[in-house]
Amino acid sequence: MTTAYQQAFDAWQSEDFAGVLDHANRALSEGAGDAALIGLLAGTFEKIDLPAAAAEAFELAAQHAGASGFGYLRSAMLAHDRAGDADKAFVAAMRAQKLDRDDPDVIYVMARELDRRGETEMLAFYKNRLTDSDDPRHLDLAKRLIGAENRNPFNLVLFRKLSALDPADHYARFKLLSVAREFCDYETIDAAEYW
């Protein structure tokens with residue numbers, strides 16, 4: 001580990017982001033451009049509100065990390081999303097899902113973008129999986145994509161979670177009861193008496 005490399009990490013820990021950029025630049029010029037250093041640089045770009053630069057750096061870190069680059073690809077996807085570049089976020093999500101098919105954020109970006117593009121066949125693979133998440137954004141997308149499918153058993157999970165997130169959401173509670181009746185989920189129907 002070069003001195004500049006260690007200094008970049010020390011600067012990061014003390015939240016001296018200008019110092020991180022300076023030391024990381026020196027470390028890179030010394031040939032110490034591994035995934036960890038590039039990831040540190042990407043994280044610094046995020047901290048100073050440069051999401052597009054962060055996304056590009058995270059992608060470069062993922063290239064250096066190879067098969068263990070999921071975290072960097074996921075971060076690149078999220079940074080592209082924050083930067084407003086849905087297409088690049090989608091490409092990063094496609095690459096990330098090859099390394100981890102179960103990450104809720106990756107599933108969310110895949111489903112959202114497949115829906116936006118009208119790719120209904122591929123969307124079918126992701127839309128029900130949104131219900132595995134507890135993130136309200138993911139659940140809202142699931143509600144939009146599968147909420148009207150009365151015979152979809154994933155709606156039980158979805159509307160349970162939405163009801164728990166917002167007990168005052170009468171639509172979610174009504175829909176949960178409706179879906180529970182459809183699937184003869186007597187435990188949920190009985191619990192509705194105490195709402």
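The values are calculated or read from the model by the stated rules, or taken from the named source; none is laboratory data. All values derive from a computational prediction rather than experimental measurement. When we count neighbours, we look across all protein chains shown, and the Cβ atoms used for this are built from the backbone with ideal geometry, even at glycine. Please note that ligands, DNA and RNA were not included when accessible areas were found on the heavy atoms of the full protein model with its side chains. Shrake-Rupley method; radii C 1.70, N 1.55, O 1.52, S 1.80 Å.
Normalised per residue, the accessible area of the chain is 53 Å², obtained with a 1.4 Å probe and no contribution from ligands, DNA or RNA. When nucleic acids and ligands are ignored and a 1.4 Å probe is applied, D16 ends up with an accessible area of around 70 Å². Sparse packing (at most 15 other Cβ atoms within 10 Å of the Cβ) combined with a DSSP loop state is found for the following GluC sites (Glu not before Pro) in the range 1-97: E15, E30.
The largest-to-smallest principal axis extents of the Cα set in the range 70-151 are 38, 23, 21 Å.
Annotation: lysines with alpha-carbon distance below 24 angstrom to K88 (same-chain offsets under eight excluded): K47, K98, K127.
Per residue, the convex hull spanned by the Cα atoms of the range 48-108 amounts to 68 cubic angstrom. Here r is the Cβ-Cβ distance between D87 and D190 and R0 is 41 Å; the resulting FRET efficiency, rounded to 0.05, is 0.30. Net charge in the neighbourhood of A92 (other residues with Cβ under 14 Å of its Cβ; Lys, Arg +1, Asp, Glu -1) is -3. To the nearest 10, the accessible area of I107 is 10 Å² with a 1.4 Å probe. Comparing the range 90-195 with the 2.2 N^0.38 Å rule of thumb, its C-alpha radius of gyration ratio is 1.14 (two decimals).
Computed over the range 31-134, relative contact order equals 17 percent, with contacts defined as Cα pairs under 8 Å that lie 6+ residues apart. Net length available on complete extension from S14 to I48 is 10.8 nm, with 0.36 nm assigned per residue and the Cα-Cα distance removed. Taking every protein chain into account, the 1.4 Å probe leaves D185 with about 30 Å² of accessible area, to the nearest ten. Evaluated at q = 0.11 Å⁻¹, the base-10 log of the normalised Debye intensity for the chain, with identical point scatterers placed on the Cα atoms, takes the values -0.62.
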